[in-house]
1. Given the conditions (1) out of contact with any Ser or Thr (no Cβ under 8 Å at 6 or more places or on another chain); (2) surrounded by fewer than 18 Cβ atoms within 10 Å (Cβ to Cβ), which single one is not true for Ala52?
2. Here are some residues: Ser171, Ser183, Ser166. Which one is part of a loop (DSSP other than H, G, I, E, B) and either touching a residue at least 12 places away in the same chain (Cβ under 8 Å) or out of contact with any Ser or Thr (no Cβ under 6 Å at 6 or more places or on another chain) (or both)?
3. If you take the residues in the stretch 25-43 that are in a helix (DSSP H, G or I) and farther than 20 Å from His68 by Cα, which one is nearest to the chain's Cα centre (by Cα)?
4. For the stretch 86-100, state whether one or more residues are of a type in the set (Phe, Trp, Tyr) and in a helix (DSSP H, G or I).
5. Is it the case that some residue within the stretch 13-30 is out of contact with any helix residue (DSSP H, G or I) (no Cβ under 7 Å at 6 or more places or on another chain), surrounded by fewer than 17 Cβ atoms within 10 Å (Cβ to Cβ) and of a type in the set (Lys, Arg)?
6. Which one is modelled with the highest pLDDT among residues in the stretch 78-98 that are closer than 15 Å to Leu42 by Cα and of a type in the set (Lys, Arg)?
7. Name the single residue that is farthest from Leu37 (Cα to Cα) among those in the stretch 74-102 being under 23 Å from the mean Cα position of the chain (by Cα), acidic (Asp, Glu) and surrounded by fewer than 16 Cβ atoms within 10 Å (Cβ to Cβ).
8. From the list Cys129, Cys118, Cys105, which one is surrounded by 15 or more Cβ atoms within 10 Å (Cβ to Cβ), at negative phi, within 24 Å of the chain's Cα centre (by Cα) and outside any strand (DSSP E or B)?
Amino acid sequence: MKGAKAALERNDYEAANTIFRNMIDSGQPLPEEMPYLFAETLFQLKQYDNSANFLNKYLELTGFTGSHYEGAQALHKRLETPLKEIIECQLCDRRGYRYKVCFTCEGKRQIEQDCNYCKAKGVVGCSRCSGSGMVTKMNIFKIVEYFECDRCAGKGRLTCPVCEGSLKEVSSCQTCNGSGKLSSEDICDHIAEEAHEHI
């Protein structure tokens with residue numbers, strides 16, 4: 001904890017971030033003030049959603065009695081604007097990370113891919129005859145008679161109703177769930193790409 005505090009005093013937020021994350025990963029009991037100090041660190045690194053989560057954890061654990069209560073209240077106020085910008089921004093996810101174009105569908109949201117229904121076989125088993133090509137019927141003498149399945153003409157298989165035998169289907173991209181975008185690891189500055197080029 002001393003190392004993290006020293007890093008904060010010299011404004012080395014990346015080092016403090018690493019120390020705090022190592023403390024969490026260690027599984028050791030954490031000092032009461034740690035969530036607040038980590039929230040301050042994350043705020044400086046522009047990880048506002050994470051900062052709010054740790055700040056809320058600090059307030060939940062300590063309430064009004066925490067040694068950093070006033071600082072926590074001030075940080076809560078400072079977080080209001082960036083969190084509002086994240087909610088209103090169309091360029092980033094709810095955590096404030098910029099979207100990137102999906103590498104599979106290239107932002108088109110749909111893609112031609114192997115048919116999921118027939119697993120790119122082009123055919124599916126006939127449900128009437130369970131794929132055997134034959135159906136059974138009991139006659140009036142309680143004797144089982146076998147007939148060729150009229151649905152599949154005795155083949156036991158039918159052309160896939162989704163891809164119609166082409167083995168491919170156009171459907172929502174499975175990588176991005178049809179959104180055309182994926183979250184990146186870049187913090188969003190809420191400025192469109194075109195605007196960046198003119199700066």
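1. Every condition holds for Ala52 apart from (2).
2. Working: Ser171 fails: part of a loop (DSSP other than H, G, I, E, B); Ser183 fails: part of a loop (DSSP other than H, G, I, E, B).
Checking each option against the conditions leaves just Ser166.
3. First pass over the stretch 25-43, keeping only residues in a helix (DSSP H, G or I): 25-26, 34-43.
Subset that is farther than 20 Å from His68 by Cα: 25-26.
Values: Asp25: 23, Ser26: 26 Å.
Result: Asp25.
4. Step one: of the stretch 86-100, the residues of a type in the set (Phe, Trp, Tyr) are 97, 99.
Filter once more, keeping what is in a helix (DSSP H, G or I): none.
No.
5. Within the stretch 13-30, the subset out of contact with any helix residue (DSSP H, G or I) (no Cβ under 7 Å at 6 or more places or on another chain) is 14, 18, 21-22, 24-29.
If we keep only those that are surrounded by fewer than 17 Cβ atoms within 10 Å (Cβ to Cβ) as well, we get 14, 18, 21-22, 24-29.
With of a type in the set (Lys, Arg) added as a condition, the list becomes 21.
Within the stretch 13-30, one or more residues are out of contact with any helix residue (DSSP H, G or I) (no Cβ under 7 Å at 6 or more places or on another chain), surrounded by fewer than 17 Cβ atoms within 10 Å (Cβ to Cβ) and of a type in the set (Lys, Arg).
6. Arg78
7. Restricting attention to the stretch 74-102, the residues satisfying the condition of being under 23 Å from the mean Cα position of the chain (by Cα) are 82-102.
Subset that is acidic (Asp, Glu): 85, 88, 93.
Those still in the list that are surrounded by fewer than 16 Cβ atoms within 10 Å (Cβ to Cβ) too: 85, 88.
Values: Glu85: 23, Glu88: 27 Å.
Filtering first and then ranking leaves Glu88.
8. Numbers: Cys129 fails: within 24 Å of the chain's Cα centre (by Cα); Cys118 fails: within 24 Å of the chain's Cα centre (by Cα).
Within the list Cys129, Cys118, Cys105, the selection yields Cys105.
The values are calculated or read from the model by the stated rules, or taken from the named source; none is laboratory data. Remember, predicted model here, so these are calculated numbers, not experimental data. Counting neighbours? That spans all protein chains shown, and the Cβs are built from the backbone with ideal geometry, glycine included.
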